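What follows draws every value from the coordinates through simple rules; no lab data is involved. Computed from a predicted structure; not experimentally measured.
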Amino acid sequence: MAELRVRIGALELKNPILSASGTFGYGLEFSGMMDIRKIGAFCTKGLSLKPRAGNQMPRICETPGGMINSIGLENVGIDAFETEKMPAIRKTGATVIANFFGDTEADYIEAARRLAAMDGVHALEMNVSCPNVDKGGIEFGGDPAFLEKLTAAVKKAAAGKTLIVKLSPNVADIRPFASAVENGGGDAISAINTLKGMSIDVKTRRPKIKRVFGGLSGPAIKPVALKMVYECVKTVKIPVIGIGGIASLDDVLEFLIAGASAVQVGTMNFVEPSICQRLAEELNVYCDREGIARVSALVGTLRTG
Ligand SMILES: Cc1cc2nc3c(=O)[nH]c(=O)nc-3n(C[C@H](O)[C@H](O)[C@H](O)COP(=O)(O)O)c2cc1C
């Protein structure tokens with residue numbers, strides 16, 4: 001049996017296949033359709049100190065090879081997450097990465113402090129990259145100097161729990177942001193969040209998304225994601241978690257070969273709710289067949305030149 005375990009900061013994952021925030025609810029919605037303990041971890045929907053209703057509908061539409069969403073970080077809030085969701089999540093035995101965000105720096109710090117102290121939360125993923133909100137999104141991840149300061153403050157509040165910082169692709173160059181996370185003491189980077197996009201209904205001449213723009217995700221974004229993950233890997237020494245359009249074992253392998261230590265699957269959970277479990281099983285079979293004793297031996301094996 002191949003060794004699929006990977007380490008992200010202080011967090012040991014049983015395999016490198018994770019489900020991405022916002023596409024897997026609070027885990028419970030999927031636990032009846034798959035064995036949630038068989039995947040490396042799941043990332044919760046983005047959590048904030050106060051509950052949020054999200055944006056007005058329509059806020060999702062399908063596009064070739066993907067979708068656009070403008071959910072606007074709708075979530076139950078950290079209090080309800082703790083009292084209404086966490087007891088049932090703990091019973092599943094899943095590895096839980098709490099994805100979170102704030103409207104202010106103080107909100108980010110307090111959210112991290114609360115989640116890090118919560119029984120059953122194994123690691124934190126800080127979202128500084130949502131394209132669908134006026135506050136609490138990319139404005140926090142849009143300036144490397146500020147991102148470094150925020151990462152340092154949040155890492156302190158995380159009290160020893162692994163802190164992953166999730167980067168936006170909606171920047172001219174992702175590398176200074178990757179460095180900012182590393183310099184701020186972040187344990188890992190996850191990339192990418194959605195790409196800004198737009199779609200129009202030609203019959204009505206109205207945008208298909210109420211807010212006009214949304215975030216594009218799914219297989220259509222994979223080449224962009226892969227390139228950005230590769231750039232991050234070349235820039236920092238901390239682990240990078242690859243996200244963007246993953247739909248098959250080959251997609252997983254591409255991200256690992258590019259240097260990602262683990263991957264997250266997002267949009268494809270809507271198409272095939274048990275895809276993460278399937279990919280973890282397929283990765284195991286692949287490693288055995290190819291004589292790869294440890295999956296980590298694949299990481300960063302891209303041949304160039
Ligand atoms: C409907 C939807 C909601 C999302 N919500 C969040 C969120 O709350 N926090 C976050 O960090 N990313 C969120 N994302 C981004 C995904 O986690 C992921 O980074 C992105 O979709 C790219 O991966 P994919 O192409 O596999 O979907 C969301 C994506 C979708 C499609």
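Listed values, structure above:
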| quantity | calculated |
| --- | --- |
| Global geometry of the stretch 1-135, whether rounded, prolate or oblate, following the gyration tensor of its Cα atoms and the 1.5 cut on a/c | oblate |
| Cut-off under 5 Å, modelled amide H: who pairs with LEU47 long-range | ASN99, PHE100, PHE101 |
| Dimensions (Å) - the chain, Cα atoms, principal axes, largest first | 53, 48, 42 |
| Cα gyration tensor, the stretch 184-305 - rounded (a/c under 1.5), prolate or oblate | prolate |
| Sequence-distant aspartates and glutamates (8 or more away, or on other chains) whose Cα lies within less than 12 Å of LYS155 | GLU110, GLU125, GLU182, ASP187 |
| Under 16 Å from the Cα of LYS85 - aspartates and glutamates, other chains or at least 8 residues apart | GLU29, GLU74, ASP119 |
| Alpha-carbon centroids, the stretch 89-124 and the stretch 2-47: separation in whole Å | 14 |
| Entries in LYS38/LYS156; LYS14/LYS45; LYS161/LYS210; LYS38/LYS166; LYS50/LYS210 that, when Cα-Cα distance is taken, lie over 28 Å | LYS38/LYS156; LYS161/LYS210 |
